[in-house]
Amino acid sequence: MNISYRWLRELAPGLEGGPEEVADRLARLGAPADSATPIGATLGDILVARVEASEKHPNADRLTLCRVDAGTGETLSVVCGAPNVRAGALYPFAPVGATLPGGVRIRKAKIRGEVSQGMLCSARELGLGHDHTGILELDGEFAPGASFVEAAGLDDTRLELDITADRPDLLSHLGVARALEGVGGVRIAAPPGMESALLEDPALESAGAEVESGGVRIAIDDPEACYRFLGAVIEGVEVGPSPAWLAMRLRAVGLRPINNVVDITNYVTHELGRPMHAYDLDRLEGGEIRVRWARAGEKLRTLDGVERTLEEGMLVIADAARAVGLAGVMGGEDTEVGDDTGTVLLELAHFRPTTVRATRRAAHLSTDASYRFERGVDPDEAERALRRALAMIVALAGGRVRGAIGDAHPTPAARPEVTLRTPRASSLLGVPLGTERVRALLAPIGLEIVRSAAEETVFRVPGHRLADLRREVDLIEEVARHAGYDTFPEERRPIRPTAVPDAPLSLLEGTIRDHWVGDGFLEARTAAFAPEAEGDVALLNPLSAEESRLRRSLLPGLATRLAYNQARGRRDLRLFEIGTCFAPALPDEELPRETTRLAAMATGARRPPHWESAAPDWDIWDARGLLETTAELLRVGGRVVPAREAGAGSDIEASLGGGVLAEDASVALVSDAGELLGVAGTVRPEAADAAPWSAPWIALEVLLPPEPDVAHRRRLEAIPAHPASERDLALVAASSVPSARIAEAIRDAAGDVLESIRLFDVYEGEGVEKGKRSLAYRLRFQAPDRTLTDAEVDAEVKRVLGRLDEELDVHQRT
């Protein structure tokens, strides 16, 4: 959203600070500025000049020789190729030595035998628009030699705001001014050349779904899709170029001036946030304007010159015979206002956001109007915006309003009421707040107090905040914003932990990250968008044609990241990612299927360099080892087999690996039930955009279980403060008795004071009876609250030996 700083200052006269300070305040209010660009920064060399005389070039039919007063005290000779230059008019002038936007430097030159001492400039040459058919004529009284930037009102800064979808109130200069100064701190000023800011003469004739205005019938077929439709007829209009102040105001926000009527609709849209459209009434058939659903196969050529075939489910504005515009998106070319227009029908509507979104998507078209309608417009500004535009059209294009303003209004906007409890606000924000303090902070928003008590207030939400103020917590957020997040104390306070446990999959992902980061891998986070060859789920509204699908595998994205790093000279690389992949929906489902996966890719040395020896590069056996370790980490069981022995299984299983692994140098993790759980191996050379000096690439991809077992998650405990005691036991057991069974029996017999047990020696041979073996265990005893005595440790050892003798026929070796 582009905002003109000067325009903002006109709406909020009390606004303090320059563009940077205003941008900082907006950031604290939830609307950060991505950039603050001085509009006239590249036009400092341009002056205002008056053409004293204009005559045909003696040696060229299409050139004009002008005598120009640029305030230097001498008359300059300038050769010009534009047909609209006239004596007595003022134009922007680039003298010799000036630099135009783009770096073009003006030099004294001889053109067809005549000396040219500068250049009269068009809007395109100044970077102020695309019109280069004529020189930009200035409207107003200016002294030759004056700064063009100041004369044209370009000593301005354009703020590019990042507006979230829930704040449509900030999609206008009025909305931004209200956010900064409050409802009471803004005013709608009269534009230059107008005697009054608003036109109050026309009456408002309101009805249900159908009304008449100036002899035109206004109708709404579906009140659920269009809540309100206002229209007014202005006759005797003279369409022509906009005055300089209006054209410059539009250029300041990045728009191209078209003509005075169309420019006024754009001006009011950016000023008050209410999109509107002007029709040439003489091109409308049947004296009717109607909001209805499109008919399948109906044709409409929109203002961008594209002929569109409409579909059912698209909302259109139509006359008695045909569709003349896409509702909330763009008008039609056949009824646009042009130079020959004499009577204008001005309309302003209030459409359902989801309907506009559906129409816009079906037409593959996005506009300033659809951007606002999709997020929600202020119903309270409808009449004021229409009257504002009517006043400006009458003042700048002439004519008069015929009859009353028609207002088809079948669905009045509801005003929700929200209750705010002061103790709740204090609890959430962590600071004590009084009721009067809360009300004072919310007053600038325009909330109306419906009922109030000592610690509770019921507010009615104004029209410009219907989109985001719906719950108590929304009001509390506004309290925090207007108090200033930087005013809250920076201190740690007691908190109450949540009673809601973390999701098992989230816990597993944390464990995975700890493990892989500990192994020296860096986590990558790639976008889920992919080209057509790497995805099966098409996006309805892709950001680019190159990424029109949702990915089926993580590995192609990791391969791109590896190649990116190698292109910058990195040889040893290790990346892993936890992300979501997508498969087409099943026949009985609507949404695509999603699976969460772990993927990793590495190349170069398998360990950091060391002076003692060179580290070998990753190979297929490392990939297999990583897959086996991952299976243990996930506790999914199964076995690792050559990839050719694993079945393809479902389409999700078949998508594992993303087609980048070499089949003859890869392995698969298969569950006991035969399901494919993961793959690992060497990346095919043609699938890796590797540098010529690159080592082989290895990769793995594993499906994460949707309901993982996280009972084994490690717990951190404090290190005991008391020393431990160790005992070594040499035991003789039958060779058939597993060592793990002996360790289990020792653990059961010793109880809580046994801190660890470790097998450190196994012996079979001389001195040990045939069929038996000697196993040596080191037992470590430790108590958290005291130092164990020798007697206590000896008693534990005696109990262990008794249990081993009784259960396993295992004896201490003598």
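The values are calculated or read from the model by the stated rules, or taken from the named source; none is laboratory data. Since the structure is predicted, the reported quantities are computational estimates derived from the model, not experimental observations. Cβ: placed from backbone, ideal geometry, glycine included. Neighbour counts: every protein chain shown. Accessible surface areas use protein heavy atoms only, side chains included; no ligands, DNA or RNA. Shrake-Rupley method; radii C 1.70, N 1.55, O 1.52, S 1.80 Å.
If you go through region 64-76 and keep only what is under 17 Å from residue 144 (Cα atoms) and without any contact (Cβ under 8 Å) to a residue 60 or more places away in the chain, you end up with 66, 67, 68, 73, 74, 75, 76.
Condition check ((1) modelled with pLDDT of 95 or more; (2) surrounded by 15 or more Cβ atoms within 10 Å (Cβ to Cβ); (3) farther than 30 Å from residue 508 by Cα) across all residues:
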residue: 708; (1), (2), (3): no, yes, no
residue: 750; (1), (2), (3): no, yes, yes
residue: 757; (1), (2), (3): no, yes, no
residue: 769; (1), (2), (3): no, no, yes
residue: 785; (1), (2), (3): no, no, yes
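So how many residues does region 797-814 have that are in a helix (DSSP H, G or I), open to solvent by 30 Å² or more (accessible area, probe 1.4 Å) and either touching a strand residue (DSSP E or B) at 6+ places or on another chain (Cβ under 8 Å) or free of Cβ contacts under 8 Å to residues at least 12 places away in the same chain (or both)? Matching residues across region 797-814 total 5. Every condition in (1) free of Cβ contacts under 8 Å to residues at least 40 places away in the same chain; (2) touching a Gly at 6+ places or on another chain (Cβ under 7 Å) is met by residue 61 except one, and the failing one is (2). Restricting attention to region 197-204, does a residue exist that is in a strand (DSSP E or B), in contact with a strand residue (DSSP E or B) (Cβ under 8 Å, 6 or more places away or on another chain) and at pLDDT below 95? The answer is yes; a qualifying residue exists. Taking the criterion of being open to solvent by 60 Å² or more (accessible area, probe 1.4 Å) and either farther than 30 Å from residue 650 by Cβ or modelled with pLDDT of 95 or more (or both), the residues of region 562-586 that qualify are 564, 567, 568, 570, 571, 572. Scanning region 524-559 for residues that are aliphatic (A, V, I, L, M) and crowded, with 18+ Cβ neighbours inside 10 Å turns up 524, 528, 530, 537, 550, 554, 555, 558, 559.
Hey, among the residues in region 116-138 that are assigned to a loop (DSSP other than H, G, I, E, B) and in contact with a Ser or Thr (Cβ under 6 Å, 6 or more places away or on another chain), which one's surrounded by the fewest Cβ atoms within 10 Å (Cβ to Cβ)? Result: 132. Out of 569, 520, which single residue is on the phi > 0 side of the Ramachandran plot, in contact (Cβ under 8 Å) with a residue 60 or more places away in the chain and not in a strand (DSSP E or B)? Answer to the check: 520.
Of the strands (runs of 3 or more DSSP E) entirely within region 251-337, those holding at least 1 residues that are surrounded by fewer than 20 Cβ atoms within 10 Å (Cβ to Cβ) occupy 288-293, 299-301, 307-309. Summed over region 364-398, residues that are over 18 Å from residue 166 (Cα atoms), within 22 Å of the chain's Cα centre (by Cα) and crowded, with 21+ Cβ neighbours inside 10 Å total 0. Identify, from the list 609, 592, the residue that is open to solvent by 30 Å² or more (accessible area, probe 1.4 Å) and either among the polar types (S, T, N, Q) or at pLDDT 90 or above (or both). Going through 609, 592 in turn, just one is open to solvent by 30 Å² or more (accessible area, probe 1.4 Å) and either among the polar types (S, T, N, Q) or at pLDDT 90 or above (or both): 592.
Screening region 40-115 for strands (runs of 3 or more DSSP E) wholly inside it with 1 or more residues that are over 22 Å from residue 140 (Cβ atoms) and either open to solvent by 80 Å² or more (accessible area, probe 1.4 Å) or of a type in the set (Lys, Arg) (or both) returns the ranges 47-56, 75-80, 109-111. Residue pairs whose Cβ atoms lie under 9 Å apart, separated by 6 or more positions or on different chains, with the first residue in region 178-198 and buried (at least 19 other Cβ atoms within 10 Å of the Cβ) and the second at pLDDT below 80 and assigned to a loop (DSSP other than H, G, I, E, B), are 191/197.
Listed conditions (1) of a type in the set (A, V, I, L, M, F, W, C); (2) part of a loop (DSSP other than H, G, I, E, B); (3) more than 35 Å from the chain's Cα centre (by Cα) are all met by residue 345, apart from (2). In the set 690, 695, only one residue is out of contact with any Gly (no Cβ under 9 Å at 6 or more places or on another chain), of a type in the set (A, V, I, L, M), in contact (Cβ under 8 Å) with a residue 40 or more places away in the chain and not in a strand (DSSP E or B); that residue is 690. The set of residues in region 661-687 that are of a type in the set (Gly, Ala, Ser) and modelled with pLDDT under 85 contains only 673.
Entry remark, region 1-39: residues being among the small types (Gly, Ala, Ser), under 21 Å from residue 155 (Cβ atoms) and open to solvent by 10 Å² or more (accessible area, probe 1.4 Å) number 7 in total. Tell me, yes or no, whether region 628-643 has at least one residue that is in contact with a Pro (Cβ under 8 Å, 6 or more places away or on another chain) and not in a loop (DSSP other than H, G, I, E, B). Yes: region 628-643 contains one or more residues that are in contact with a Pro (Cβ under 8 Å, 6 or more places away or on another chain) and not in a loop (DSSP other than H, G, I, E, B).
Considering only residues of region 612-627 that are in a loop (DSSP other than H, G, I, E, B) and touching a residue at least 40 places away in the same chain (Cβ under 8 Å), which is surrounded by the most Cβ atoms within 10 Å (Cβ to Cβ)? The residue in question is 618. Filter region 1-57 for residues that are of a type in the set (Asp, Glu) and either within 22 Å of residue 146 (Cβ to Cβ) or free of Cβ contacts under 8 Å to residues at least 24 places away in the same chain (or both) and give the result. The answer is 10, 16, 20, 21, 24, 45, 52, 55. Filtering region 139-160 to residues that are part of a strand (DSSP E or B) and either open to solvent by 10 Å² or more (accessible area, probe 1.4 Å) or under 18 Å from residue 374 (Cα atoms) (or both) leaves 147, 157, 158, 160.
Could you please tell me which pairs satisfy a Cβ distance under 8 Å, a separation of 6+ or placement on different chains, a first residue in region 418-431 that is touching a residue at least 40 places away in the same chain (Cβ under 8 Å) and closer than 14 Å to residue 483 by Cα, and a second residue that is of a type in the set (Phe, Trp, Tyr) and outside any strand (DSSP E or B)? Listed pairs, sorted by first residue: 429/488; 430/488; 431/488. Residue 416 fulfils the conditions (1) within 32 Å of the chain's Cα centre (by Cα); (2) within 30 Å of residue 203 (Cβ to Cβ) except for a single criterion, (2).
Screening region 644-667 for residues that are among the hydroxyl-bearing types (Ser, Thr, Tyr) and outside any strand (DSSP E or B) and picking the one that is most open to solvent (accessible area, probe 1.4 Å) gives 650.
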